[in-house]
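> This is the structure, below, for whatever I ask next.
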Amino acid sequence: GAVVSQHPSRVICKSGTSVKIECRSLDFQATTMFWYRQFPKKSLMLMATSNEGSKATYEQGVEKDKFLINHASLTLSTLTVTSAHPEDSSFYICSAQVSGQSYNSPLHFGNGTRLTVT
Amino acid sequence: KNQVEQSPQSLIILEGKNCTLQCNYTVSPFSNLRWYKQDTGRGPVSLTIMTFSENTKSNGRYTATLDADTKQSSLHITASQLSDSASYICVVSWGGGGSQGNLIFGKGTKLSVKP
């Protein structure tokens with residue numbers, strides 16, 4: 001149980017275009033989902049906290065107009081990288097917590113999306 | 001400053017051998033400490049979660065320890081297998097609030113198990 005599906009797993013896009021990444025909780029509801037970015041050999045960096053039905057909370061230094069987050073349902077959050085540039089190339093991962101569980105409960109991660117901007 | 005430091009950065013061991021990975025943290029107020037396994041190009045998978053009052057927790061061949069006084073944790077892997085090759089990430093949660101956004105991720109230890 002507690003599976004998080006992230007799609008696509010890999011995407012290559014041209015500079016200036018937008019890319020949408022989906023994060024779905026398949027067998028549980030997730031009021032809150034998290035989006036991370038990971039550079040090679042680096043730790044995960046939290047980008048934003050996505051809350052169902054409300055605006056996302058962005059970490060300091062993350063451009064909210066560039067990384068649009070929508071959490072329209074209890075099982076789906078999307079991250080759209082707008083006007084992508086080569087420096088946006090990275091590994092993006094989402095995670096979700098089962099609604100109602102305490103903060104001592106596990107986070108369930110998607111398998112990530114490798115974004116390459118040419 | 002809240003930090004999580006892991007050592008070693010990388011480790012190579014032979015299949016069947018044991019190993020121990022270290023995690024030191026300076027996170028306050030402490031809520032819980034987690035160990036995750038991340039295969040290359042995949043998302044992390046939870047191994048253990050320990051709160052302040054727990055000093056050891058096992059998950060199969062993985063045993064995590066926590067010393068909240070010295071702010072140190074270790075992950076011991078017994079009888080390693082080739083499939084244990086991955087990055088192991090120590091994550092400390094702080095604040096005790098309702099959000100899991102208060103997580104500090106370590107950089108991970110890259111373990112390679114050779115036949």
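> If I ask for residues that are open to solvent by 60 Å² or more (accessible area, probe 1.4 Å) and assigned to a strand (DSSP E or B), which ones from the stretch B:35-55 would you list?
B:V45 - this is the single residue of the stretch B:35-55 that is open to solvent by 60 Å² or more (accessible area, probe 1.4 Å) and assigned to a strand (DSSP E or B).
> What number of residues within the stretch A:106-118 satisfy the criterion of being open to solvent by 10 Å² or more (accessible area, probe 1.4 Å) and part of a loop (DSSP other than H, G, I, E, B)?
3
> Those residues that are in contact (Cβ under 8 Å) with a residue 40 or more places away in the chain and either under 20 Å from A:T17 (Cβ atoms) or part of a loop (DSSP other than H, G, I, E, B) (or both), I need them from the stretch A:85-97; list them, please.
Across the stretch A:85-97, the qualifying residues are A:H85, A:P86, A:S90, A:F91, A:Y92.
> Within the bounds of the stretch B:21-34, is there any residue that is open to solvent by 60 Å² or more (accessible area, probe 1.4 Å) and farther than 24 Å from B:K1 by Cα?
no
> If we scan the stretch B:59-73, do we find a residue that is in contact with a Lys or Arg (Cβ under 6 Å, 6 or more places away or on another chain), in contact (Cβ under 8 Å) with a residue 24 or more places away in the chain and assigned to a loop (DSSP other than H, G, I, E, B)?
no
> Would you mind stating whether B:S31 is more than 9 Å from chain A (Cβ to nearest Cβ) and of a type in the set (G, A, S)?
no
> Right, here's the next one. Are there any pairs, at least 6 apart or on different chains, whose C-beta atoms fall under 7 Å, with the first in the stretch A:98-118 and more than 8 Å from every other protein chain (Cβ to nearest Cβ) and closer than 18 Å to A:S50 by Cβ and the second hydroxyl-bearing (S, T, Y) and assigned to a loop (DSSP other than H, G, I, E, B), and if so, which?
Going by the 7 Å Cβ cut-off, the qualifying pairs are A:V98/A:S105; A:S99/A:T31; A:T113/A:S9; A:L115/A:S89.
> Select, from A:Y92, A:Y58, A:Y36, the only residue that is closer than 29 Å to B:V4 by Cα and facing chain B (nearest Cβ under 9 Å).
After ruling out the rest, the residue left standing is A:Y36.
> Mind checking which strands (runs of 3 or more DSSP E) fall wholly inside the stretch A:1-84 and carry at least 3 residues that are of a type in the set (V, I, T)?
Those strands (runs of 3 or more DSSP E) span A:76-81.
> Within the stretch B:74-87, which residues are part of a strand (DSSP E or B) and out of contact with any Cys (no Cβ under 9 Å at 6 or more places or on another chain)?
B:A86, B:S87, listed by residue number.
> Please determine whether any residue of the stretch B:89-106 is within 11 Å of another protein chain (Cβ to nearest Cβ), open to solvent by 30 Å² or more (accessible area, probe 1.4 Å) and within 17 Å of B:P8 (Cβ to Cβ).
No, because not a single residue in the stretch B:89-106 is within 11 Å of another protein chain (Cβ to nearest Cβ), open to solvent by 30 Å² or more (accessible area, probe 1.4 Å) and within 17 Å of B:P8 (Cβ to Cβ).
> Moving on to the next point. Under 7 Å between Cβ atoms, at least 6 apart or on separate chains: pull out the pairs that start in the stretch A:44-68 with a residue that is of a type in the set (D, E) and end on any residue that is open to solvent by less than 20 Å² (accessible area, probe 1.4 Å).
A:E52/A:H71; A:E59/A:M47; A:E59/A:A48
> From the list A:S25, A:S18, pick out the single residue that is surrounded by 14 or more Cβ atoms within 10 Å (Cβ to Cβ) and of a type outside the set (A, V, I, L, M, F, W, C).
Being surrounded by 14 or more Cβ atoms within 10 Å (Cβ to Cβ) and of a type outside the set (A, V, I, L, M, F, W, C) holds for just one of A:S25, A:S18, which is A:S25.
Yes or no, residue by residue, for (1) touching a helix residue (DSSP H, G or I) at 6+ places or on another chain (Cβ under 8 Å); (2) within 14 Å of chain A (Cβ to nearest Cβ); (3) surrounded by 17 or more Cβ atoms within 10 Å (Cβ to Cβ); (4) at positive phi:
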position: B:T63; (1), (2), (3), (4): no, no, yes, no
position: B:I77; (1), (2), (3), (4): yes, no, yes, no
position: B:S85; (1), (2), (3), (4): no, no, yes, no
position: B:T109; (1), (2), (3), (4): no, yes, yes, no
position: B:P115; (1), (2), (3), (4): yes, no, no, no
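The values are calculated or read from the model by the stated rules, or taken from the named source; none is laboratory data. These figures come from a predicted structure and were not determined experimentally. Methodologically, a virtual Cβ is constructed for each residue, glycine included, from the backbone with ideal geometry; neighbour enumeration extends over all protein chains shown. Ligands, DNA and RNA are stripped out before the accessible areas are found, and what is left, the full protein with its side chains, is counted by its heavy atoms. Shrake-Rupley method; radii C 1.70, N 1.55, O 1.52, S 1.80 Å.
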